[in-house]
Amino acid sequence: MNTTHYPTLTTQQIIEKRTFCVLVDNEPGVLARIAGMFSGRGYNIESLTVSETEHEKHLSRITIVTSGTANVLNQIEAQLDRLVPVHKVVNLTSKAAIERELALVKVAQQGETKGEHRMEALRLAAAFGAKTVDATLTSFIFELAGPSDDVERFINLMAAIGLVEVSRTGVAAIARGAEGL
Amino acid sequence: MTETMTGAEMVVRAMQDHDVDTLFGYPGGAVLPIYDALFQQNSVQHILVRHEQGAVHSAEGYARSSGKVGVVLVTSGPGATNAVTGLTDALMDSIPIVCFTGQVPTHLIGSDAFQECDTVGITRHCTKHNYLVKRIEDLPRIIHEAFYVARSGRPGPVVIDIPKDIQFQRGTYTGPGEVQHKSYRPKMEGDRRAIERAVDLMLKAKRPVFYTGGGVINAGPEASKTLRELVRLTGFPVTSTLMGLGAYPANDPLWLGMLGMHGTYEANLAMHGCDVMINIGARFDDRITGRLDAFSPGSRKIHVDIDPSSINKNVKVEVGIIGDAGNVLKEMLEIFKAKKRAEQAEEIRPWWKEINSWRARNSLSYQRSKDVIKPQYAVERLYALTKNRKTYVTTEVGQHQMWAAQHFHFDEPNRWMTSGGLGTMGYGLPAAIGVQLAHPDALVIDIAGEASILMNMQEMSTAAQYRLPVKIFILNNEYMGMVRQWQELLHGGRYSESYSSALPDFVKLAEAYHAKGIRCGDPAELDAAIHDMIDYPGPVIFDCLVAKEENCLPMIPSGKAHNEMILPDFAGEIGDIIDSKGKQLV
Ligand SMILES: Cc1cc2nc3c(=O)[nH]c(=O)nc-3n(C[C@H](O)[C@H](O)[C@H](O)COP(=O)(O)OP(=O)(O)OC[C@H]3O[C@@H](n4cnc5c(N)ncnc54)[C@H](O)[C@@H]3O)c2cc1C
Ligand SMILES: Cc1ncc(C[n+]2csc(CCOP(=O)(O)OP(=O)(O)O)c2C)c(N)n1
Ligand SMILES: [Mg+2]
């Protein structure tokens with residue numbers, strides 16, 4: 001018996017993640033317009049990065065990681081595309097793109113923790129290929145660039161050792177192969 | 001073509017270059033330079049409204065009835081915030097508007113200066129696009145872009161916020177010809193292969209229906225013509241949304257009437273039972289679909305829309321065609337002509353038989369009365385007595401709006417102006433003013449409710465000042481009837497705050513506004529009174545006293561499917577129809 005008036009979320013409606021690359025005119029307010037479209041229509045933003053890519057052409061590139069059902073994700077793409085300053089929207093997930101983010105991770109000696117933890121932190125950093133960009137007698141700052149999953153795992157491990165603070169850039173992404181946008 | 005002039009002069013010059021003959025506005029400190037430039041020319045007529053919301057609705061009426069862009073000028077702060085409802089209305093109903101707002105000088109922006117507000121911030125979500133002009137060099141390009149954006153693709157409102165210092169600065173003006181927008185290029189031509197697939201579906205249909213909408217009106221009068229040709233060639237039944245009325249003539253045998261919440265039984269059942277649905281420029285709004293999981297369950301759907309985000313937004317379709325309705329209809333017509341099968345007329349005959357049996361239910365009928373004017377009767381008579389004239393109708397929002405849609409029949413596009421998407425009470429009078437300015441010789445009637453009309457009543461002054469003979473026909477039921485009806489349906493008849501108490505005497509009010517007032521409450525005198533209204537050469541407020549507790553039927557209650565309509569011959573208590581889940585919907 002279906003007692004609701006709109007279709008209920010069934011198991012077929014799987015929540016997926018999708019990364020969009022949006023090429024926009026670098027005009028004032030363009031970021032507010034895009035972020036506002038997401039909040040106004042109730043869409044999720046998991047990560048958003050923006051920066052000017054071609055100064056002479058006044059173009060900026062926005063990379064957005066979002067999640068939703070396939071229908072919602074297609075609607076997000078169409079809604080992005082109809083914004084007036086948007087030149088192009090590309091679904092990077094469908095193009096098996098390279099996705100990377102950078103994290104700065106501060107780890108410090110917590111109370112009784114001893115040198116053992118310091119060694120462990122360095123060992124893990126080496127295993128992940130993180131760079132040590134700052135060190136004091138009681139702390140480190142690691143720089144790790146990689147897929148979000150790796151960054152996530154690294155941060156979780158560091159939590160056990162004495163994580164103080166994390167700063168992440170959000171995802172930058174680019175499609176594989178010779179072709180440009 | 002370049003010339004040096006001030007920013008304010010550029011605004012006026014650009015209006016002239018875009019063939020703007022009428023501008024709706026209200027002055028204030030932050031737009032005085034533009035008002036000064038307007039003072040020194042004659043080609044753009046400025047219409048002084050009495051409230052900035054009225055300015056935008058007037059521009060909407062002007063735009064919708066003429067196919068041109070409506071233009072508005074308001075001051076900073078309260079001028080801009082007063083315009084917000086109108087802008088939102090235009091966004092929801094896809095009406096092309098360019099709205100100039102004054103702003104405090106650039107060096108004061110962000111300092112909470114007198115009459116400063118973040119206009120671009122506030123209007124970002126209720127415009128198709130907006131601009132804050134920070135350099136005089138950008139002004140001409142921005143204005144030309146704004147006109148282009150407002151009218152192209154899916155039309156909508158555009159705001160240009162101009163700080164006062166920019167209005168005084170001198171710069172070089174370039175004409176519209178030299179400007180092309182960097183990124184915005186709506187797709188006008190439909191994909192040929194998709195159109196062919198659509199026609200193939202149409203050719204196989206046994207139970208087809210055309211479902212047309214405001215997009216056909218947006219596409220211009222040519223599109224309505226092509227629609228007529230295509231519908232007649234196919235012999236398929238056709239229905240339309242509230243926004244699309246007039247695109248297909250209501251006096252035609254293939255016409256099923258409006259569909260949706262207050263649409264006809266035959267239109268809604270045809271939508272429910274069809275095997276191929278051809279949506280041209282309609283957006284599967286919730287007033288149409290009702291309960292989504294029960295919406296036209298057995299049909300294969302074709303959707304033509306200029307906005308890619310409209311396709312598959314609410315309802316999944318099999319063939320989506322992105323393009324201008326006029327262009328796509330032309331191609332459909334051409335392909336259908338080439339492939340037409342004569343046998344199909346026979347194949348769809350059983351479908352027509354079924355539709356005719358639904359028609360026979362006569363879902364727009366109502367209990368007639370000799371003692372009291374039924375609101376449906378009033379609209380019927382208004383239609384009968386004006387149909388041989390060039391008549392334009394606007395409405396406010398409520399039951400009267402639906403009765404107007406049901407009982408006033410439109411045979412031409414652009415004759416019907418109503419607030420559909422936002423449902424803005426107070427739309428009708430200012431819109432009628434805009435329509436009258438675009439069509440000085442036409443008969444323009446605002447079919448109103450006694451509650452709605454008070455929301456922008458001040459615009460009577462505007463009508464008086466410019467001698468605009470608009471006719472305000474109030475279906476006065478002394479209730480916010482639509483609210484009362486929902487309270488009867490959903491809340492046990494507890495009429496919380498929906499009675500129109502302390503109403504003004506509308507006849508005296510008309511006189512106070514230098515207009516004619518007419519009151520009529522007797523069905524026997526109605527025709528004569530309507531004639532009086534039509535024959536009077538100036539503005540009229542007609543206070544038509546109608547049955548107070550009439551319900552607007554038929555109705556698909558919220559949360560129900562198309563085949564669960566309440567018809568006028570329903571005998572039970574309407575308060576028992578909707579369950580608790582349905583009550584949560586709007
Ligand atoms: C009290 C009340 C009751 C209502 N009851 C009903 C009801 O019973 N029935 C009903 O129909 N409505 C009703 N409405 C109106 C309803 O809310 C919607 O406004 C209306 O149904 C939308 O009409 P539409 O689908 O034609 O879309 P519109 O809002 O007119 O949108 C037009 C669509 O066409 C597209 N388009 C624009 N230009 C073009 C072009 N050139 N070519 C192709 N496509 C184009 C747009 O992208 C958009 O998708 C009611 C409103 C109120 C206030
Ligand atoms: C600005 C605004 N406020 C509130 C509403 C909610 N509303 C919809 S219809 C209606 C009642 C309208 O009453 P009236 O103008 O008398 O029309 P009737 O339904 O009686 O014909 C109200 C309050 C609205 N649509 N717009
Ligand atoms: Mg009323």
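Output the residues belonging to the stretch B:457-488 that are within 16 Å of ligand 1 (Cβ to nearest atom) and either assigned to a loop (DSSP other than H, G, I, E, B) or more than 15 Å from B:E396 (Cα to Cα) (or both).
The answer is B:N477, B:M480, B:R484, B:Q485, B:W486, B:Q487, B:E488.
Return yes or no: is B:Q167 polar (S, T, N, Q) and either at the interface with chain A (Cβ under 10 Å from one of its Cβ atoms) or crowded, with 16+ Cβ neighbours inside 10 Å (or both)?
The answer is yes for B:Q167.
Restricting to the stretch B:530-557, name every residue that is closer than 27 Å to B:L454 by Cβ, in a loop (DSSP other than H, G, I, E, B) and within 16 Å of ligand 1 (Cβ to nearest atom).
Of everything in the stretch B:530-557, those that are closer than 27 Å to B:L454 by Cβ, in a loop (DSSP other than H, G, I, E, B) and within 16 Å of ligand 1 (Cβ to nearest atom) turn out to be B:E550, B:N551, B:C552, B:L553.
What do you reckon, is B:Q458 over 20 Å from B:I217 (Cα atoms) and in contact with a His (Cβ under 8 Å, 6 or more places away or on another chain)?
Considered against the rule, which asks whether it is over 20 Å from B:I217 (Cα atoms) and in contact with a His (Cβ under 8 Å, 6 or more places away or on another chain), B:Q458 comes out as yes.
Of the residues in the stretch B:291-348, how many are aliphatic (A, V, I, L, M), within 14 Å of chain A (Cβ to nearest Cβ) and either part of a strand (DSSP E or B) or farther than 29 Å from A:E77 by Cβ (or both)? Before the answer, list the steps.
So the first thing to find is which residues in the stretch B:291-348 are aliphatic (A, V, I, L, M), and the list is B:292, B:294, B:302, B:304, B:306, B:311, B:315, B:317, B:319, B:321-322, B:325, B:328-329, B:332-333, B:335, B:338, B:342, B:345, B:348.
Subsequent filtering for residues that are within 14 Å of chain A (Cβ to nearest Cβ) retains B:292, B:294, B:306, B:311, B:315, B:317, B:322.
Still in the list and also either part of a strand (DSSP E or B) or farther than 29 Å from A:E77 by Cβ (or both): B:322.
Within the stretch B:291-348, residues that are aliphatic (A, V, I, L, M), within 14 Å of chain A (Cβ to nearest Cβ) and either part of a strand (DSSP E or B) or farther than 29 Å from A:E77 by Cβ (or both) number 1.
Of everything in the stretch B:455-482 that's away from ligand 2 (no atom under 16 Å from the Cβ) and among the charged types (D, E, K, R), which residue is farthest from B:H51 (Cα to Cα)?
Per the criteria, the residue is B:K471.
Do we have any residue at all in the stretch B:466-478 that's within 15 Å of ligand 3 (Cβ to nearest atom) and either within 23 Å of B:N218 (Cα to Cα) or within 14 Å of chain A (Cβ to nearest Cβ) (or both)?
No: the stretch B:466-478 contains no residue that is within 15 Å of ligand 3 (Cβ to nearest atom) and either within 23 Å of B:N218 (Cα to Cα) or within 14 Å of chain A (Cβ to nearest Cβ) (or both).
Would you say B:M482 is out of contact with any Asp or Glu (no Cβ under 8 Å at 6 or more places or on another chain), modelled with pLDDT of 95 or more and more than 16 Å from ligand 3 (Cβ to nearest atom)?
Against the criterion (out of contact with any Asp or Glu (no Cβ under 8 Å at 6 or more places or on another chain), modelled with pLDDT of 95 or more and more than 16 Å from ligand 3 (Cβ to nearest atom)), B:M482 does not qualify.
Starting from residues that are in contact with a helix residue (DSSP H, G or I) (Cβ under 8 Å, 6 or more places away or on another chain) and within 14 Å of another protein chain (Cβ to nearest Cβ), keep the ones in the stretch B:45-104 and report whichever is nearest to ligand 2 (Cβ to nearest atom).
Within the stretch B:45-104, the match that is nearest to ligand 2 (Cβ to nearest atom) is B:T88.
Determine which member of the set B:S461, B:S498 is within 12 Å of ligand 3 (Cβ to nearest atom) and of a type in the set (S, T, N, Q).
Selected residue: B:S498, the only one of B:S461, B:S498 that is within 12 Å of ligand 3 (Cβ to nearest atom) and of a type in the set (S, T, N, Q).
Within the stretch B:183-220, work out how many residues are within 14 Å of chain A (Cβ to nearest Cβ) and either within 15 Å of ligand 1 (Cβ to nearest atom) or among the aliphatic types (A, V, I, L, M) (or both). Step through it out loud before you land on a result.
Applying the first criterion (within 14 Å of chain A (Cβ to nearest Cβ)) to the stretch B:183-220 yields B:183-187.
Adding the requirement that they be either within 15 Å of ligand 1 (Cβ to nearest atom) or among the aliphatic types (A, V, I, L, M) (or both) leaves B:184-187.
So the answer is 4.
Of the residues in the stretch A:59-85, how many are in contact (Cβ under 8 Å) with a residue 40 or more places away in the chain and under 27 Å from B:P157 (Cα atoms)?
Qualifying residue count for the region: 9.
In the stretch A:114-124, is there at least one residue being outside any helix (DSSP H, G or I) and over 27 Å from A:I62 (Cβ atoms)? Don't jump to the end; show me each part of the working.
Within the stretch A:114-124, the subset outside any helix (DSSP H, G or I) is A:114.
After this cut, where a residue has to be over 27 Å from A:I62 (Cβ atoms) as well, the list is A:114.
Scanning the stretch A:114-124, I find at least one residue that is outside any helix (DSSP H, G or I) and over 27 Å from A:I62 (Cβ atoms), so the answer is yes.
Kindly evaluate B:A250 against the criterion of being touching a Phe, Trp or Tyr at 6+ places or on another chain (Cβ under 7 Å) and over 20 Å from B:V276 (Cβ atoms).
Here the answer is yes, as B:A250 does meet what is asked.
Check A:E179 against each of (1) over 21 Å from the mean Cα position of the chain (by Cα); (2) assigned to a helix (DSSP H, G or I) and name the one condition it does not meet.
(2)
Within the stretch A:131-140, is even one residue more than 30 Å from B:R124 (Cβ to Cβ) and buried (at least 17 other Cβ atoms within 10 Å of the Cβ)? Walk me through how you get there before you give the answer.
Looking only at the stretch A:131-140, we keep the residues that are more than 30 Å from B:R124 (Cβ to Cβ), and these are A:131-140.
Add one more test, that the residue is buried (at least 17 other Cβ atoms within 10 Å of the Cβ), and what stays is A:140.
The answer is yes; a qualifying residue exists.
Which condition does B:V71 not pass, out of (1) out of contact with any Phe, Trp or Tyr (no Cβ under 9 Å at 6 or more places or on another chain); (2) aliphatic (A, V, I, L, M); (3) buried (at least 22 other Cβ atoms within 10 Å of the Cβ), if it passes all the others?
B:V71 satisfies every listed condition except (1).
Can you confirm whether A:V89 is in a strand (DSSP E or B) and over 30 Å from B:S310 (Cβ atoms)?
no
With (1) outside any loop (DSSP other than H, G, I, E, B); (2) touching a residue at least 40 places away in the same chain (Cβ under 8 Å); (3) not hydroxyl-bearing (S, T, Y) as the list, and B:C117 as the residue in question, which single condition is left unmet?
Of the numbered conditions (1) outside any loop (DSSP other than H, G, I, E, B); (2) touching a residue at least 40 places away in the same chain (Cβ under 8 Å); (3) not hydroxyl-bearing (S, T, Y), the odd one out for B:C117 is (1).
Looking at the stretch B:384-408, which of its residues are away from ligand 3 (no atom under 14 Å from the Cβ) and buried (at least 18 other Cβ atoms within 10 Å of the Cβ)?
B:T386, B:T391, B:Y392, B:V393, B:T394, B:A405, B:Q406, B:H407, B:F408
Find the residue count for the stretch A:38-74, including only residues that are surrounded by fewer than 18 Cβ atoms within 10 Å (Cβ to Cβ) and part of a helix (DSSP H, G or I).
Final tally of qualifying residues: 5.
Tell me which helices (runs of 4 or more DSSP H) are completely within the stretch B:364-454 and hold 2 or more residues being away from ligand 2 (no atom under 16 Å from the Cβ), or say none if there are none.
B:375-386, B:428-438
Hey, B:H125 hits all of (1) assigned to a helix (DSSP H, G or I); (2) surrounded by 19 or more Cβ atoms within 10 Å (Cβ to Cβ); (3) of a type outside the set (S, T, N, Q); (4) under 23 Å from the mean Cα position of the chain (by Cα) but one; which does it fall short on?
Answer for B:H125: the failing condition is (2).
Please specify each residue of the stretch B:417-468 satisfying the condition of being aromatic (F, W, Y) and surrounded by fewer than 24 Cβ atoms within 10 Å (Cβ to Cβ). Can you show your working first?
Filtering the stretch B:417-468 for residues aromatic (F, W, Y) gives B:427, B:466.
The answer is B:Y466, and nothing else.
The values are calculated or read from the model by the stated rules, or taken from the named source; none is laboratory data. Not measured: the values here are computed from a predicted model. Positions of Cβ are backbone-derived with ideal geometry, glycine not excepted, and every protein chain shown enters the neighbour counts.
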